[in-house]
Amino acid sequence: MSGISRRSVLRGGLLAATAVFTTRLAGASAASAAPADGFAVAYNELDITPAVPGWPSLWMGGYGWDPRGASPSAPPPAHPLRAHCIAIHEGGSVNVLLRVDVVSIPRDVHQELRRRVCDELGLVGSSDFMIVASHTHSGPFIGDTHPDPKVLMNLDDADVDAVNGSTFVFMDLLTELVERTVGETPIPATLHFAEGSAEVGFNRVGLDHVMTDVPVIAVRDTDDGGLLAVLFGCGTHPVSCGREPSFHSDFVGVASEIIEQEFGAMALFFQGTAGDQDPLDLPTDELGQRLASAVIDTVNNGDFTDVQGPIATELTEVELPFAVDTTDAGVRAELRRKYVARLDGHLGQAEVRHANLIIGQIDRGELAASIPMPLQCWKMGGVTILGLSHEVVSDYHLMINALAQDIGTGNLWIMAYANETQCYVASDRILWAGLGLHNGYEAGWNDDPWIAGYGSSMLSYGWPSPLNASAPGSDPASPDSAEAIVLAACEGLLR
């Protein structure tokens, strides 16, 4: 297993050439201490690009339905996979944001990371620790649950064992990264929020809105106002690299590197509600430059709001119901009949693998009754950060912002793919459409609203049924729908 080495980020964008760099500006005093009031920060980066030896698996996540792996003999990627950690000290406590270039983090991996950081090491309170995946589709396969690598990738037992071996390497490295960052003497800093705009994507299901928001937090040295770090985001799938068999942080990683070169400060990307947003048909480097230019312009010319403490945090969890009641014996019997019929339906092998998975869960009494969804909120003076788990579609960006405006929340940064990613969270209007939008991929069904549709997200993530929707045309959403449950939880966190 590789260790964490360090390199300094120097003024002017020059980076020393060792494996992983710390984020202290040249000349920053290691004796700097957190002030009695205000903020202080520590931050680090780690290259997590899998390589052999060290990582047992080079299998890649992000696409089905056949095995896809990186070549052990390929040269290191021009844009490596990275993890960034920033610890924000304030009022005697510390809040930790960890962002990482992987497609998804399953629930058991998220919970183990949280246990290590919050319980075993006691570095931070649970609601004060948030993990966000970039959702690059050119990263390693992590975990063996949702998605199941046998269903999604047709991997065999030995391959799955290797994936799990790399998952433990991944968790060990991230734990050490957080431990090192929290343990460092922080630099007194000020935080400032602004929002820019960039056209990097389109709505792939044909809805009438496109995500262009580019939220930015500039972290500056209290002493001289120098830029220490830039936190930025957008809401677009990092899939511009396609299915190439090489690791790559995609256009969002390219953007981060360009920003770092421009400012000599670490740039941390956080993904938004990108579930139905794909990048424009442009080269990866061009997309990265377009996003980076928007961030650079915002840092230089944006209308910033000063961010003030205290930081109030909350972590909650809701259960997203399926379209059918899987706790009902009659429903389970009908689901089993439908999946057995699928075995003889001459569909793709992934549908057969998934059907066998669900039938086995029914027979063993292990069928899920719902999908857990953690939601997290950090409230500060000047900005509120809302972290939503899973692949949330952009309708929620619109609906949650409307809620926030009614409540009077002020500046709001909505992050998705936060903490764990185990399904798509489709809105009512996408769930109603099914086959009508993107062949039902985001909705999770197409030919039969009871079961996971062929080639759909619910099949790829290994669930038995799409999420529950309101009756078609309902407004507002019915209380038992996934949409209403998510919005009610968000409203509760924002109030």
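Please report the antiparallel percentage of DSSP beta bridges with both residues in the chain, rounded to the nearest 5. Roughly 80 percent of the beta bridges in the chain run antiparallel, per DSSP.
Put simply, the amide H of Val318, placed in the peptide plane, has neighbours under 5 Å in Met373, Leu375, leaving out anything fewer than 5 places away on its chain. Each residue of the stretch 311-319 is assigned a 3J(HN,Hα), and the resulting list reads 9, 9, 10, 8, 10, 10, 8, 10, 10 Hz, derived from the Karplus form 6.51 cos²θ - 1.76 cosθ + 1.60 (θ = phi - 60°), x at Gly and Pro. Applied to the stretch 240-251, the Karplus parametrisation 6.51 cos²θ - 1.76 cosθ + 1.60 on θ = phi - 60° returns per-residue 3J(HN,Hα) values of 5, 6, x, 9, 4, x, 8, 5, 6, 7, 6, 5 Hz, with x for Gly and Pro.
Sorted from largest to smallest, which semi-axis lengths in Å does the alpha carbon gyration tensor of the stretch 80-152 give for its equivalent ellipsoid, taking the root of 5 times each eigenvalue?
Values: eigenvalues 135, 44, 12 Å².
The equivalent ellipsoid of the stretch 80-152 has semi-axes of 26, 15, 8 Å.
Per residue, the solvent-accessible area of the stretch 202-295 (1.4 Å probe, heavy atoms of protein chains only, all protein chains present) comes to 30 Å².
Pair-distance distribution P(r) for the stretch 386-461, from all Cα-Cα distances in 5 Å bins starting at 0: 4, 17, 22, 20, 16, 12, 7, 4, 1 percent. The angle separating the long axis of helix 482-494 from the principal Cα axis of greatest extent in the chain is about 20 degrees.
Taken as Cα centroids, the stretch 411-440 and the stretch 215-261 sit 23 Å apart, rounded to the nearest whole angstrom. A DSSP coil position with no more than 12 other Cβ atoms inside 10 Å describes none of the trypsin sites (Lys or Arg not before Pro) in the stretch 109-213.
Among the listed values (i) 23.1; (ii) 21.9; (iii) 30.1, the one matching mean projected area of the Cα convex hull in nm² as calculated from this structure is (ii). Three principal axis extents of the stretch 182-336 based on alpha-carbon atoms, in descending order, are 68, 41, 33 Å.
Only loop residues by DSSP count here, and only those with at most 12 other Cβ atoms within 10 Å; note down the trypsin sites (Lys or Arg not before Pro) in the stretch 355-452 that meet that.
Working: sites: Arg364, Lys379, Arg429; in loops: Arg364.
Sites meeting the loop and neighbour criteria: Arg364.
The orientation-averaged shadow of the Cα convex hull for the stretch 110-264, equal to a quarter of the hull surface, comes to 12.2 nm².
Between the amide H of Ile187 and those of Val41, Ala42, distances stay under 5 Å, these residues lying 5 or more places away or on another chain, with hydrogens modeled in the peptide plane.
Calculate what fraction, in whole %, of the accessible area of the stretch 110-208 sits on carbon and sulfur atoms when a 1.4 Å probe is rolled over the protein chains. Write out the running numbers ahead of the final one.
Working: 1470 of 3300 Å².
Answer for the stretch 110-208 is 45 percent, counting heavy atoms of protein chains only.
In this structure, the amide hydrogen of Gly233, modeled 1.01 Å from its nitrogen in the peptide plane, lies closer than 5 angstrom to those of Phe270, counting only residues at least 5 positions away or on a different chain.
Note on the chain: with charges restricted to the Cβ of Lys and Arg (+1) and Asp and Glu (-1), its dipole about the Cα centre is near 600 debye. Between the stretch 38-74 and the stretch 442-457, the alpha-carbon centres lie 30 Å apart. Residues in the stretch 304-426 average 37 Å² of solvent-accessible surface per residue, probe 1.4 Å, ligands and nucleic acids excluded.
Over all directions, the average projected area of the alpha-carbon convex hull for the stretch 26-142 comes to how many nm²?
On the way: hull surface 39.3 nm².
Projected area, direction-averaged: 9.8 nm².
The values are calculated or read from the model by the stated rules, or taken from the named source; none is laboratory data. Keep in mind the model is a prediction, meaning the values are calculated, not measured. Because the Cβ atoms are built from the backbone with ideal geometry, glycine has one as well, and the counts that use them run over all protein chains shown. What goes into the accessible areas is simple: the full protein's heavy atoms, side chains included, and nothing from ligands, DNA or RNA. Shrake-Rupley method; radii C 1.70, N 1.55, O 1.52, S 1.80 Å.
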